Amino acid sequence: MLTQLLDRSIHLKPFGLKRIFPKMEGRSFSEHRDKYDTTTLFYDVFRSHDCQHIILIGPKPIGYEKELSAAKFFLEGKKLKVKQRKLKRVHEIWIKVPVDKEITSLVMEMNNVQVELKVAQETSSRFKGKRVLSTLCVDTPIPWILDWIKFHVVNHGANAVVLFENSIDLEHAQNIHRAIEDADLDIEHEIVHAPFKYGPPYPHEIKFLQRSILQLVRWKYVQTSEALLFCDIDELIICDDRQSIFDHVKKSFLGYYMLRGTWIEPATQLAPEKLASIENRRHFMFQYTSNPPSKTNPKWVAVPSRIPRGMQFKAHGIRPEPKHQALFHPFFSRLRPFLKAGRMCHFWSINTSWAKDRQKIEAVDPKKHALHKDLNAACMAAFSDPRETD
């Protein structure tokens, strides 16, 4: 399935508003003009998994906080009950609606302007009981995406994927969708075209999209799933006991596990000059760490239905937001439940260098590199036939 967030996204311009650039020492709007989102109010408007709410998810409001806090919502002329949630770089609005009523649109009033909002219908039933992979990517080579999916299908029993594609044009999202259909992977899938400004690599405070997508996939797609694994295309998850990460998380005390990260170095047994072009690179070509291994940021796997609403899904953890939620969920604020058997392998060379240069490739040097044996075994299981990765 291929969908487009632009079909339901809401912009600030009709309300006569815009997101201003916050005061930041050493930073200016002109420096980040091309990457800072001044226009998006909400990325999506959709029905919750239990149909009790319509949920709106968007970037943090800056410069129109008062107007948004006073916003009103109407269904057939009747004012609706609303709860607004201020998260880290994300703003959510939960609107209480009749469970048994079909709703295709509602009216939002803000700054003395009324705008009709289109509402996406309940989606999570398609992913009920599924082991879901999800990510946000942009212009990523399709073979990398197919390898990333297949690796987690074979090694962890993943059977669904929700992929958000951040390219400006729709074509690449269409090509990804077509490739997954043709790959015969037998998984439930949705490719979501999300052509919004991602934000600059730094500072993080003005990078809204990924945090919002994490909450969007949580509430729109996976609340009834068996579990969610959110990781980047250049990240593969392994378990040294050969069990599925989804089987492990079922036994988690808090409903989620953190996964320690290890860098997979740009070292290969192949001739480095043959891999100068990123189109020629594949995950299985890189299976060596430094000796000793270098650490990178962790990722996580979760059972969404077990995570309290007061927790926010973030790229490298699940934490209380707003911060006072820690008072109500002390275990979530104090514990960091790392899975001993689990590991996230972060591939230096499977990257388009969108944030920094990661083009370097070198030959394996036994003096400074070590084969990651568990990664090697998992790659052999997923890509045992070389023809499958041609």
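The values are calculated or read from the model by the stated rules, or taken from the named source; none is laboratory data. None of the values given here were measured: they were computed from a predicted structure. Note that each Cβ is placed from the backbone with ideal geometry, even for glycine, and that neighbours are counted across all protein chains shown. With ligands, DNA and RNA removed, areas are computed over all heavy atoms of the protein, side chains included. Shrake-Rupley method; radii C 1.70, N 1.55, O 1.52, S 1.80 Å.
So which residues in the stretch 324-348 are under 17 Å from residue 238 (Cα atoms) and free of Cβ contacts under 8 Å to residues at least 40 places away in the same chain, if there are any at all?
Scanning the stretch 324-348 gives a single hit, 340.
Kindly indicate whether residue 109 is farther than 26 Å from residue 243 by Cβ, assigned to a strand (DSSP E or B) and open to solvent by 40 Å² or more (accessible area, probe 1.4 Å).
Considered against the rule, which asks whether it is farther than 26 Å from residue 243 by Cβ, assigned to a strand (DSSP E or B) and open to solvent by 40 Å² or more (accessible area, probe 1.4 Å), residue 109 comes out as yes.
Could you say whether any residue in the stretch 88-102 is part of a loop (DSSP other than H, G, I, E, B), of a type in the set (Asp, Glu) and under 16 Å from residue 47 (Cβ atoms)?
Within the stretch 88-102 (the criterion being part of a loop (DSSP other than H, G, I, E, B), of a type in the set (Asp, Glu) and under 16 Å from residue 47 (Cβ atoms)), the answer is yes, since at least one residue qualifies.
Of everything in the stretch 268-286 that's over 25 Å from the mean Cα position of the chain (by Cα) and not in a helix (DSSP H, G or I), which residue is surrounded by the fewest Cβ atoms within 10 Å (Cβ to Cβ)?
Here the residue is 277.
Among the residues of the stretch 287-332, write down those that are of a type in the set (Phe, Trp, Tyr) and either in a helix (DSSP H, G or I) or farther than 21 Å from residue 245 by Cα (or both).
Hits for the stretch 287-332 are 288, 328, 331, 332.
Restricting attention to the stretch 322-332, report how many residues are of a type in the set (Phe, Trp, Tyr) and either open to solvent by 80 Å² or more (accessible area, probe 1.4 Å) or closer than 24 Å to residue 156 by Cβ (or both).
Total meeting the criteria: 2.
Against the condition closer than 30 Å to residue 187 by Cβ and touching a Lys or Arg at 6+ places or on another chain (Cβ under 7 Å), how does residue 90 come out, does it pass?
The answer is yes for residue 90.
Looking only at the stretch 287-321, how many residues end up being of a type in the set (Ser, Thr, Tyr) and buried (at least 17 other Cβ atoms within 10 Å of the Cβ)?
The qualifying residues number 3.
Can you tell me which residue is most open to solvent (accessible area, probe 1.4 Å) among those in the stretch 1-16 that are touching a Ser or Thr at 6+ places or on another chain (Cβ under 7 Å) and not polar (S, T, N, Q)?
Top of the filtered list is 13.
Just one of (1) modelled with pLDDT of 95 or more; (2) open to solvent by 40 Å² or more (accessible area, probe 1.4 Å); (3) acidic (Asp, Glu) trips up residue 44, so point out which.
(2)
Determine, yes or no, whether residue 157 is modelled with pLDDT under 95 and small (Gly, Ala, Ser).
The answer is no for residue 157.
Within the stretch 249-261, how many residues are crowded, with 22+ Cβ neighbours inside 10 Å and of a type in the set (S, T, N, Q)?
Qualifying residue count, the stretch 249-261: 0.
Hey, does the stretch 333-347 have a residue that's open to solvent by 30 Å² or more (accessible area, probe 1.4 Å), among the aliphatic types (A, V, I, L, M) and either over 27 Å from residue 247 (Cα atoms) or out of contact with any helix residue (DSSP H, G or I) (no Cβ under 8 Å at 6 or more places or on another chain) (or both)?
Within the stretch 333-347 (the criterion being open to solvent by 30 Å² or more (accessible area, probe 1.4 Å), among the aliphatic types (A, V, I, L, M) and either over 27 Å from residue 247 (Cα atoms) or out of contact with any helix residue (DSSP H, G or I) (no Cβ under 8 Å at 6 or more places or on another chain) (or both)), the answer is yes, since at least one residue qualifies.
Please specify each residue of the stretch 203-224 satisfying the condition of being open to solvent by 10 Å² or more (accessible area, probe 1.4 Å), closer than 29 Å to residue 50 by Cβ and not in a helix (DSSP H, G or I).
Scanning the stretch 203-224 gives 223, 224.
Being assigned to a loop (DSSP other than H, G, I, E, B) and small (Gly, Ala, Ser) is the filter here; which residues of the stretch 137-168 pass it?
157, 158, 167, listed by residue number.
Say whether the condition of being part of a helix (DSSP H, G or I) and acidic (Asp, Glu) is met by at least one residue in the stretch 60-80.
Yes.
Name the residue, out of 246, 230, that is open to solvent by less than 10 Å² (accessible area, probe 1.4 Å), within 25 Å of residue 352 (Cβ to Cβ) and among the aromatic types (Phe, Trp, Tyr).
From the options 246, 230, the qualifying one is 230.
Of 33, 19, which residue is farther than 21 Å from residue 217 by Cα, buried (at least 18 other Cβ atoms within 10 Å of the Cβ), charged (D, E, K, R) and within 26 Å of the chain's Cα centre (by Cα)?
Just one listed residue meets the conditions, 19.
Those residues that are modelled with pLDDT under 95, open to solvent by less than 40 Å² (accessible area, probe 1.4 Å) and more than 22 Å from residue 39 (Cβ to Cβ), I need them from the stretch 184-202; list them, please.
Hit for the stretch 184-202 is 185, nothing else.
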